[in-house]
Amino acid sequence: MNDMSKIAQKAIFQTQEAFASVGRSRNSLKIGVPKEISFQEKRIPLTPLSVALLVEYGHEVVIESGAGDASNFLDQHYSEQGARISHDKQDVFQSDIIIKIASPTLEEVGMMRNKQVLLSSHQPSLMDLKVLQGLMRKQITALSYEYLKDEGGHLTVVRAMSEIVGATSVLIAAEYLSNIFDGKGLMLGGVTGVPPTEMVIIGAGTVGEYAARTAIALGAQVKVFDSSIYRLRRLQNNVGSRVFTSVIQPMVLNKAVKSCDVVIGAVRANNGRSPCIITEETVSRMKPNSVLIDVSIDQGGCFETSEVTTHDKPVFRKYDVIHYCVPNIASRVARTATYALTNIFTPLLLQIGENGGMNNMIWSDKCIRSAIYLYQGMLTNKDIAEKFNLPSKDLDLLIVANQ
């Protein structure tokens with residue numbers, strides 16, 4: 001046997017590498033998704049495909065029966081991807097991590113066990129003290145979507161929902177301008193030889209930007225008002241086409257509102273309560289059958305004539321102006337909103353597993369720390385503490401003490 005044959009024969013008997021499983025989490029999580037019972041909340045935080053990914057990484061997902069029905073995701077879709085469907089809400093609330101859309105009710109807090117992790121919405125302006133105290137007694141670690149930031153420092157959930165709300169609000173306006181809803185009978189976009197519809201957008205944040213994008217694409221004539229030159233300039237650059245922008249000067253703004261066909265209020269509150277910018281007198285002098293959409297209604301509204309409405313009865317007329325003041329516009333397109341949310345929550349849950357649990361995740365990720373308002377039952381958010389006149393603790397110090 002020549003030398004080359006001997007070398008080849010030896011290679012056959014050499015030790016081979018063992019293929020190791022990769023991508024599995026270091027800490028298997030039990031994730032519970034309860035059915036939303038909050039009024040007209042139709043979204044769900046996880047889609048069937050996101051459940052499949054979580055199960056693939058070794059996590060258990062328990063979903064309450066019917067949780068995805070309003071978003072047109074059936075129990076069968078989830079069970080086919082590895083989720084366990086439970087008909088017992090109490091069973092779902094025994095999971096390690098509870099993930100839901102709306103803030104928990106007092107009844108739901110009662111179903112939770114001690115030292116769980118809660119991921120949910122929790123606006124300080126809408127927070128219930130009894131719910132907060134219930135979570136504190138059970139030593140819950142709770143994360144609020146309203147404070148969750150991405151790597152760029154942006155409020156990732158707030159921005160995702162704002163994009164949807166901005167675009168949807170323009171489509172809603174187009175509906176109520178039509179004859180079908182006893183509107184003016186106008187098409188939102190212009191056609192050759194016909195003057196375009198005039199739209200005023202108050203607020204140049206994410207909602208205002210996506211409302212402007214959609215309206216311009218449809219052919220409307222858009223005017224945007226905001227108190228910040230920086231936000232107006234950013235909107236102008238992001239939209240990519242010339243659009244009328246102005247700082248909020250009462251005389252100029254009131255004149256524009258009185259002559260427009262659609263006005264959208266998209267002013268985000270800094271302290272939990274949006275400012276009232278348009279007075280009742282100005283609304284009373286708007287053109288008949290004009291459309292007013294108050295996106296800020298969940299924070300009090302920026303029109304003096306605004307009153308909270310629902311998806312079942314979304315509009316009312318005052319001074320012959322059609323008012324649309326539904327707080328949760330994103331639930332109008334629940335499936336799209338669910339896809340946007342699951343793109344945020346699925347990587348977050350995988351990361352929690354990879355880090356070995358929520359405590360390690362909080363320690364290693366400053367973006368997560370910014371969203372924690374309860375750490376093992378201790379209040380760590382200053383805004384919430386000030387609202388209820390409660391003491392708060394420094395989260396960084398608590399983490400160091402527990403390491």
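Using only side-chain charges placed at the Cβ, +1 for Lys and Arg and -1 for Asp and Glu, the dipole size of region 162-327 relative to its Cα centre rounds to 520 debye.
Potential lengthening of the chain between Ile180 and Ser228 amounts to 13.5 nm, from the contour at 0.36 nm per residue minus the alpha-carbon distance. Mean silhouette area of region 121-201, derived from the convex hull of its C-alpha atoms and averaged over all directions, reads 9.3 nm². Projected onto its three principal axes, the C-alpha set of region 162-259 covers 39, 30, 24 Å, listed from the longest axis down. Would you compute the Debye intensity of region 305-391 from its alpha-carbon atoms alone, equal scatterers and no solvent, and pass along log10 I(q)/I(0) at q = 0.20, 0.21 Å⁻¹ to two decimals? Rounded to two decimals, the profile gives -0.96, -0.98. When every Cα-Cα distance of region 54-198 is counted in 10 angstrom steps from zero, the calculated P(r) takes the values 9, 26, 27, 19, 12, 6, 1 percent. Only lysines eight or more places from Lys35 in sequence, or on another chain, were considered; those with a Cα closer than 16 Å are Lys89, Lys100. Dipole of the chain computed with +1 at Lys/Arg Cβ and -1 at Asp/Glu Cβ about the Cα centre; of Ser144, Ala266, Thr336, farthest Cα towards the positive end is Ala266. For region 208-314, chymotrypsin sites (Phe, Trp or Tyr not before Pro) meeting the loop criterion (DSSP other than H, G, I, E, B) and having at most 14 other Cβ atoms within 10 Å: none.
When shorter helices are ignored and each DSSP H run of at least 4 residues is given -39500 (n - 2.57), the per-residue value for the chain at 222 nm works out to -11000 deg cm²/dmol. The residue list Val247, Ile352, Ile399 was ranked by how far each Cα lies along the charge dipole of the chain toward its positive end, using unit charges on Cβ atoms, and Val247 comes out on top. Each Lys or Arg adds one and each Asp or Glu takes one away; over the other residues whose Cβ falls under 14 Å from the Cβ of Cys302, this sums to -4.
Which entries of Lys42/Lys393; Lys130/Lys366; Lys258/Lys382 show an alpha-carbon separation above 32 angstrom in the structure shown? Going by Cα-Cα distance, Lys42/Lys393; Lys258/Lys382 fall outside the 32 Å limit. Taking the charge dipole of the chain about its Cα centre, with +1 at Lys and Arg Cβ atoms and -1 at Asp and Glu Cβ atoms, the residue from Pro45, Met187, Ile384 reaching farthest to the positive side is Ile384.
When only the Cβ of Lys, Arg, Asp and Glu is charged (+1, +1, -1, -1), the dipole of region 88-210 relative to its Cα centre reaches about 480 debye.
For Lys387, a cut-off of 14 angstrom between C-alpha atoms picks up these aspartates and glutamates, skipping any fewer than 8 places away in its own chain: Asp128. Think of each Lys and Arg Cβ as +1 and each Asp and Glu Cβ as -1; about the Cα centre, that makes the dipole of the chain roughly 660 debye. Summing Lys and Arg as +1 and Asp and Glu as -1 over all other residues whose Cβ lies under 13 Å from the Cβ of Gln81 gives a net charge of -3. Coordinate range of the alpha-carbon atoms in the chain per principal axis, descending: 96, 64, 41 Å. Here Lys287 is the anchor, and the aspartates and glutamates within straight C-alpha reach of less than 13 Å, apart from those fewer than 8 places off in the same chain, are Glu198, Asp261, Asp320. Each peptide in 54-60, 305-311 was scored by the mean count of other Cβ atoms within 10 Å over its residues; highest first, the order is 54-60, 305-311. Computed over neighbours whose Cβ is under 14 Å from that of Glu198, the net charge equals +4, Lys and Arg +1, Asp and Glu -1.
Descending by average beta-carbon neighbour count within 10 Å, the peptides 152-163, 384-395, 34-45 line up as 34-45, 152-163, 384-395, the highest first. Pairwise inverse Cα distances across region 162-327, averaged and inverted, put the Kirkwood hydrodynamic radius at 15.5 Å.
Read-outs throughout are calculated quantities, based only on the coordinates presented, and are distinct from any laboratory measurement. Please read all numbers here as calculations on a predicted model, not as lab measurements. Virtual Cβ from ideal backbone geometry, glycine too; neighbours counted across all protein chains shown.
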